[in-house]
Amino acid sequence: MFKDSADFRRVASGVLLIVAPLLQAIAVILDPGTWGDEREAVSFGANPVLAQIQSVLYHWAYLLMALAALGMLHVMRRRAAVFGHIAGPLVVLGYINLSGLLMADPVEWWLGQNYSPDKATAIMDEMVGLPGVVFGFQLPWIFFAIFGTPVLAIGVWRAGFAHWWVPLVLAIGYGGSMAVPYGPATVVLWGIPVVALGHLGVKMLTMSREEWISHYPAARTAPADAKTAV
C-alpha cells in the first residue's frame, strides 16, 4: 500500500487532519452537557453512556490533533520553517494537555452520582482550581491548542499550501467557541474547522509522492539524479 516511509507520512498526515477534528465535532454533538444542564455533574449523570463516549472521543481527538499538527509542519519546510518550529511544538503541547484534562470527566460524573448538584460542582471547581491543575494542564496550554491551531494554519498559508480562508475559518471556529457558552453554538463553531482541516487533509492525500518528498530539505539540495532515490 505504501511505497516507503515518506508515502506513509503523507497518508497518515492527511487522514489525521480529517479524522481528528471530525472526532471533536462528533464529541460535542454527543456530549449530554451540550444540550442539557450546563453543570456536567448533572448532565453526565443523566446519560452516563454518552458522557463516557464523548470523553473518549475528545481524548483521542486531541491526541490525534497533536500528531496532525506535526503533519502541517512538513509543508512549511520551504517557507515559514522557523515559524512552524516555534508554533508547532506549542500546539502539540496544548493538545496533549487538553487530552489530560479529560480524566476529570469521570470524576465529575462520580461526584454527581454521590452529591447534590451544587455540592458536586463546588467540589469539582475546587479540585480543578488547584494551582497544579491550572498551570500544569490549563494555562497557557488550552490557548496554545485552541488559538495555536489557526496561527499554525497561517504558517501553512504563508508556505503556499493553504488558501487564506483556512486560517480564517479556524480562527472563527476555535476562537469563537471561547466567546460563547459551551452548548449548541459550540456544535457549529467546532463543526466548521472540520471543513478547513479536512481540506488540508484531502490535499495531502491527493499529493503525489514526489510532491511530498519535495518538501524535504535534502530533496531540494540534492542533485537531480539523487532525488529519484529518496
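Can you send over the carbon and sulfur percentage of the accessible area for the chain, probe radius 1.4 Å, protein chains only?
71 percent
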Q. Of the labelled options [x] 1.61; [y] 1.14; [z] 1.08, which one gives Cα Rg over 2.2 N^0.38 Å as computed for this structure?
A. [y]
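At a Förster radius of 30 Å, what calculated FRET efficiency corresponds to the Cβ-Cβ distance of Val195 and Trp35, to the nearest 0.05?
Details: r = 23 Å, r/R0 = 0.76.
Computed FRET efficiency for Val195 and Trp35: 0.85.
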Q: Might you tell me the accessible area per residue for the range 35-75, computed with a 1.4 Å probe and given in Å²?
A: 45 Å²
Q) Magnitude of the Cβ-charge dipole of the chain, K/R +1 and D/E -1, about the Cα centre, nearest 20 debye? A) 1200 debye
Q: State the answer as a single residue: which of Trp109, Leu73, Pro217 lies farthest towards the positive end of the charge dipole of the chain, with beta carbon charges of +1 for Lys and Arg and -1 for Asp and Glu, about the Cα centre.
A: Pro217
Q | Rounded tilt (10° steps) of 104-114 against the dominant C-alpha axis of the chain | A | 10 degrees
Q | the chain, helix-only ellipticity at 222 nm - DSSP H runs n ≥ 4, -39,500 (n - 2.57), divided by all residues, nearest 500 | A | -21500 deg cm²/dmol
Q.
Could you tell me which residue out of Met127, Trp157, Leu50 lies farthest along the dipole of the chain toward its positive end? Charges go on the beta carbon: Lys and Arg +1, Asp and Glu -1, centred on the Cα centre.
A. Trp157
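The values are calculated or read from the model by the stated rules, or taken from the named source; none is laboratory data. Given the structure is predicted, the values throughout are model-derived calculations rather than measurements. So basically every Cβ, Gly included, is an ideal-geometry build from the backbone, and we count neighbours across all protein chains shown. Note: areas computed on protein heavy atoms with side chains; ligands, DNA, RNA excluded. Shrake-Rupley method; radii C 1.70, N 1.55, O 1.52, S 1.80 Å.
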